[in-house]
Amino acid sequence: MANGNSKILTAEQEMKLRQPIEEYVGKIQAKIDGLRVDGTDKVVSLQNSIDSVKRDRSLTKEEKNSRIAAYKAEVEKAKAVEAKNKDEISKLIADAEGYLKEHFDKDYFNAVKESCAQEKVRAKEKYRENIAKLEKEHQQTLSKLTDHQEIKDEKYVYKNRRFDCKMELDKELQQIKDRKHAAYTYKYHLIDLLRMSKFTFMESRAQKWENYKYTFNRRAFLLQNGLYIAIVIIFIALCIITPIVKNTPLLTYNNVLNILQQASPRMFLALGVAGLILLTGTDLSIGRMVGMGMTTATIIMHQGINTGAVFGHTFDFTGIPIAGRVVLALVACVVLCTFFTTIAGFFTAKFKMHPFISTMANMLVIFGLVTYATKGVSFGAIEPGIPSMIIPKINGFPTIILWAVAAIVIVWFIWNKTTFGKNLFAVGGNPEAAAVSGISVFRVTVGAFVLAGILYGFGSWLECARMVGSGSAAYGQGWEMDAIAACVVGGVSFTGGIGKISGVVVGVFIFTALTYSLTILGIDTNLQFVFSGIIILVAVTLDCLKYVQKK
């Protein structure tokens with residue numbers, strides 16, 4: 001001990017406290033290892049040998065089968081030994097775990113934890129004493145100086161000495177933190193050896209929580225979650241203000257369902273553009289894609305003969321069964337949106353054109369064509385029975401939400417479980433390195449645009465059903481900003497190769513909920529754009545700060 005009353009442990013004293021635990025569990029571990037040699041260990045070794053034979057291309061099929069058969073025979077013998085020793089090993093493991101449960105915290109970890117707590121107090125006291133000493137010396141030195149440059153130099157030296165003291169404190173605190181963490185994880189190291197890395201659910205949770213506390217950094221946490229915290233605070237404030245100002249509660253079951261309904265078609269758009277942002281790109285044509293898809297779907301699913309014309313021709317789809325018109329409308333929306341995104345993707349990938357330019361060209365072309373073809377008129381309502389076919393309400397629950405959930409699951413699978421998804425992150429992170437490793441940057445880029453087009457088509461088709469038609473070229477104006485903003489707020493980085501589907505989902509819900517809340521509160525639509533702009537600016541700023549920190 002450092003002194004008579006101190007509970008601070010030296011390294012030797014800590015090892016002395018741990019020694020009985022090491023000896024007791026170590027003896028049991030040695031017995032278990034001996035029992036596993038001809039059982040579990042041999043099974044693992046033989047399985048590795050079988051896998052090696054399967055991968056060995058120098059062997060003939062007959063040689064492979066012969067060796068694998070021999071190894072499998074030995075595996076059966078080893079498994080018999082493993083089964084024979086299973087009960088004895090289980091008893092030994094239970095004995096060791098019982099000892100750890102009774103003695104680890106009481107005889108070892110609690111003492112280390114108390115020691116670390118006192119070390120932190122002592123380190124901070126030492127820091128305060130050093131700062132006070134430096135301050136006193138600084139004031140004494142300043143009182144003797146008259147030259148302006150000498151005073152300036154002394155202040156500079158004083159500032160550096162204070163910084164050195166702070167760095168020394170941080171170093172000591174980190175060492176104390178490391179010591180406590182090492183003591184805590186030692187128990188799980190012993191359990192890991194006993195059970196061969198098989199932990200219970202609660203043990204896994206406890207380790208994850210400890211690792212989170214150990215690696216927690218306030219600055220990184222605020223950079224990662226500061227915007228979410230601010231938005232949640234704003235939303236809570238709106239929930240408080242709305243009943244006072246409008247005499248109506250904001251956070252009701254119906255309002256939540258309305259928010260989810262509005263978010264569902266937008267989810268498709270955000271998931272589509274998220275893949276392009278992963279490639280350090282974007283898409284300015286989303287809103288016009290929605291307008292084109294809405295117009296197309298409304299024309300095909302129109303109630304009766306179309307009153308409006310396309311390039312002077314009036315369409316009549318009433319001869320096709322309603323179910324057929326629904327499918328035809330979906331296919332048409334997907335094909336048209338995919339056609340234009342593929343064009344943008346081709347120019348982006350082939351000529352290294354920035355997506356800002358290729359998608360802006362798409363935006364202008366689409367809007368010009370649709371407006372010219374339809375004279376900018378709205379095509380009215382679709383067949384009234386179609387929404388109940390596509391997105392029926394079951395006991396008041398809007399099933400359009402299930403379409404969005406399906407899209408989330410599918411895109412998550414593509415991003416995380418397919419070769420294309422892995423290549424998408426690789427190309428977004430470093431296209432040059434990806435190309436060198438054999439990945440086709442051209443195919444990945446065009447593929448991302450094709451996937452985006454399919455999602456845009458689905459999203460515009462669902463929006464048509466949700467709004468019961470009324471498609472026009474102007475519909476969807478500004479939706480590209482909402483989709484891009486949702487991705488940025490959700491953590492999909494414009495630096496490329498960084499993003500999660502969960503972040504996109506959260507971003508869409510945040511923007512939809514905020515817009516809905518401001519609308520109920522009666523905030524002017526133009527001012528809502530101001531809120532959105534500020535959120536985007538803050539989100540990108542935080543993203544840039546995270547990138548600068550990593551650099």
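Only the coordinates and a few stated rules stand behind these numbers; no lab work does. Given the structure is predicted, the values throughout are model-derived calculations rather than measurements. FYI the Cβ positions are ideal-geometry reconstructions off the backbone, even for glycines, and counts take in every protein chain you see.
If you take every residue apart from Lys213 with its C-beta less than 11 Å away from the C-beta of Lys213, what net charge results, scoring Lys and Arg +1 and Asp and Glu -1?
+2
Using θ = phi - 60° and the Karplus relation 6.51 cos²θ - 1.76 cosθ + 1.60, list the HN-Hα couplings for the stretch 475-490 in order, rounded to whole Hz, with x at every Gly or Pro.
Result, ordered by residue: 5, x, 4, x, 5, 4, 5, 5, 5, 5, 4, 4, 5, 5, 4, x Hz.
Can you list the trypsin sites (Lys or Arg not before Pro) in the stretch 353-445 that are in a DSSP coil and have 14 or fewer other beta carbons within 10 angstrom? List each step's numbers first, then the result.
On the way: sites: Lys375, Lys393, Lys417, Lys422, Arg443; in loops: Lys375.
When the trypsin sites (Lys or Arg not before Pro) of the stretch 353-445 are filtered for loop state and at most 14 Cβ neighbours within 10 Å, Lys375 remain.
Let me see the pair-distance distribution of the chain: every alpha carbon pair, 20 Å bin width, integer percents in order.
Calculated over all Cα pairs of the chain, the distribution is 15, 32, 32, 18, 2, 0 percent.
Give me the lysines in straight-line cross-link reach of Lys375: C-alpha distance below 26 Å, same-chain residues under 8 apart excluded.
The reachable lysines, counting only those whose Cα sits under 26 Å from Lys375, number zero.
What trypsin sites (Lys or Arg not before Pro) in the stretch 1-64 are in a loop by DSSP, with at most 16 other Cβ atoms within 10 Å of the Cβ?
Values: sites: Lys7, Lys16, Arg18, Lys27, Lys31, Arg36, Lys42, Lys54, Arg55, Arg57, Lys61, Lys64; in loops: Lys7, Arg57.
Passing both the DSSP loop test and the Cβ count: Lys7, Arg57.
With θ set to phi - 60° and the Karplus curve 6.51 cos²θ - 1.76 cosθ + 1.60, what are the ³J(HN,Hα) couplings of the stretch 255-266 in order, to the nearest whole Hz, using x for Gly and Pro?
5, 4, 5, 4, 4, 5, 5, 5, 6, 4, x, 5
Take the alpha-carbon centre of the stretch 409-455, take the same for the stretch 266-336, and report the distance between them in whole Å.
That distance is 25 Å.
What FRET efficiency, computed as 1/(1 + (r/R0)^6) with R0 = 25 Å and r the Cβ-Cβ distance, is obtained for Thr419 and Phe442, rounded to the nearest 0.05?
0.95
Just to check I understand the Karplus step: with θ = phi - 60° and J = 6.51 cos²θ - 1.76 cosθ + 1.60, what whole-Hz values come out for the stretch 337-344, glycine and proline as x?
5, 5, 4, 6, 5, 5, 4, 4
If I take R0 = 22 Å and measure r between the Cβ atoms of Lys31 and Leu193 in this structure, what FRET efficiency does the formula 1/(1 + (r/R0)^6) give, to the nearest 0.05?
Working: r = 12 Å, r/R0 = 0.56.
Rounded to the nearest 0.05, the efficiency is 0.95.
Between the stretch 75-146 and the stretch 493-510, what's the alpha-carbon centroid distance in Å?
That distance is 37 Å.
When only C-alpha pairs under 8 Å and at least 6 residues apart count, what is the relative contact order of the chain, in percent?
Computed over the chain, the figure is 18 percent.
Between Glu137 and Ala11, what FRET efficiency follows from the Cβ-Cβ distance if R0 is 41 Å, with the result rounded to 0.05? Before the final figure, lay out each step's value.
Values: r = 33 Å, r/R0 = 0.82.
The formula returns an efficiency of 0.75 here.
Residue separation times 0.36 nm, minus the C-alpha to C-alpha distance between Ala309 and Lys91: what's the value? Kindly include the intermediate steps, with their values, before the conclusion.
On the way: separation 218, 0.36 × 218 = 78.48 nm, distance 8.22 nm.
This chain segment gains 70.3 nm when fully extended.
If the limit is 28 Å between Cα atoms, which of Lys16/Lys101; Lys31/Lys106; Lys106/Lys126; Lys120/Lys187 go over it?
The pairs that break the limit, which is 28 Å between Cα atoms, are Lys106/Lys126.
Taking the simple approach of a point 7 Å from Cα along Cα-to-Cβ for both Ala406 and Glu150, what is their distance in nm?
Each label point is offset 7 Å from its Cα along the Cβ direction, giving 8.3 nm.
Enumerate the whole-percent occupancy of each 5 Å bin, from 0 to the last occupied one, for all C-alpha pair distances of the stretch 1-146.
2, 8, 10, 9, 8, 8, 7, 7, 7, 7, 6, 5, 4, 3, 3, 2, 2, 1, 0, 0
Long-range amide H contacts for Val310: which residues qualify at under 5 Å (H placed 1.01 Å from N, peptide plane, sequence gap of 5 or more or a different chain)?
Here Phe315 satisfy the definition.
Of the chymotrypsin sites (Phe, Trp or Tyr not before Pro) in the stretch 345-425, which ones lie in a loop per DSSP and count no more than 16 other C-beta atoms within 10 Å?
Phe351
Figure the gain on full extension for Lys77 and Thr252 (residue separation times 0.36 nm, minus the Cα-Cα span) and round it to one decimal in nm.
Separation in residues times 0.36 nm, less the Cα-Cα distance, equals 56.6 nm.
Any chance you could check the Cα centroid distance between the stretch 174-196 and the stretch 348-399 for me, in angstrom?
56
Send over the Kirkwood Rh of the stretch 307-352, from the inverse of the averaged 1/r over different Cα pairs, rounded to one decimal Å.
Details: mean 1/r = 0.0767 Å⁻¹.
Averaging 1/r across every pair of different Cα atoms and inverting gives 13.0 Å.
Just list whichever of Lys213/Lys417; Lys124/Lys144; Lys42/Lys86; Lys27/Lys113; Lys124/Lys171 have alpha carbons separated by over 20 Å in the model shown.
Lys213/Lys417; Lys124/Lys144; Lys27/Lys113
Round to the nearest 10 and give me the degree value, 0 to 90, for the angle of helix 201-215's Cα axis relative to the longest principal axis of the chain.
Between helix and principal axis, roughly 90 degrees.
Quick one: if you stick a label point 7 Å off each Cα along the C-beta vector at Gln175 and Asp524, how many nm between them?
Here the modelled spin labels are 6.2 nm apart.
Can you list residues whose amide H is under 5 Å from Ala381's amide H, if they're 5+ apart or on another chain and H is modeled 1.01 Å from N?
Close amide H contacts, sequence-distant or interchain: Gln303, Ser470.
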